[in-house]
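Below: one structure, written as structure tokens.
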Amino acid sequence: MKQIKVFFIVTLVLAALFSGCLQGSENVEKKLVPVPYPETAKSIANPVTKTETNLDVGRDKYEIFCSMCHGLTGRGGEEVSKNFQIDPSSLVSSGVKRRTDGELFWATKNGVNKTKMLPWGELLSDEEIWLIVNHIRVLQKEA
Ligand code: HEC
């Protein structure tokens with residue numbers, strides 16, 4: 001009888017842990033990979049205003065260029081990133097919320113060394129990156 005009880009409890013705990021992983025609910029606060037931000041990145045000013053049109057364009061660009069790894073909600077864990085064995089940390093965690101717009105711009109433009117985060121400045125203009133940064137802020141508010 002005792003064995004059955006223990007088995008039951010262990011199963012419940014495992015189920016709880018596992019469903020947490022699958023739901024990705026805890027992904028909001030997933031581990032934060034240290035990014036070598038230079039001091040100057042903090043104060044780069046965001047020149048793009050958050051008009052409705054700008055936010056729409058930013059969302060579209062984020063969905064095309066970023067969501068395959070960071071997920072539509074910014075939490076990561078989407079199918080493509082899993083298939084490529086990339087598991088980027090969450091863009092909507094409290095750690096990334098604390099980054100300045102300039103830092104998010106800098107990481108996107110220059111990439112993150114030794115990870116699959118590429119220097120998007122090679123492909124996207126500064127303006128496009130700012131539009132995307134503004135969309136990341138929207139995702140952070142929604143998270
Ligand atoms: C191929 C997968 C991939 C794509 C596509 C990708 N990223 Fe990343 N991103 C990563 C990885 C991996 C990291 C670094 C390690 C980590 O944070 O887990 C990262 C880190 C970041 C960071 C740093 C977060 C911090 O800790 O400060 C930002 C900002 C970011 N990405 C934004 C973007 C934006 C914006 C796009 C689209 C233009 C994009 N990423 C596209 C994989 C990707």
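Applying both filters, DSSP loop and at most 12 other Cβ atoms within 10 Å, to the trypsin sites (Lys or Arg not before Pro) of the stretch 61-114 gives R98, K114.
In straight-distance terms, cross-link reach from K31 covers every one of the lysines whose alpha-carbon lies under 27 Å from its own, apart from those fewer than eight places away in the same chain; here that gives K42, K61, K82, K97, K109, K114, K116, K141. The length gained on full extension between L123 and L32, counted as 0.36 nm times the residue separation minus their Cα-Cα distance, comes to 30.2 nm. Summary value for the stretch 48-143: 32 percent relative contact order, contacts being C-alpha pairs under 8 angstrom separated by 6+ residues.
Every number here is computed from the coordinates shown, using simple stated rules; none is lab data. Worth saying up front: this structure is predicted, and the values here are computed from it rather than measured. All Cβ positions, glycine included, derive from the backbone under ideal geometry; neighbour counts span all protein chains shown.
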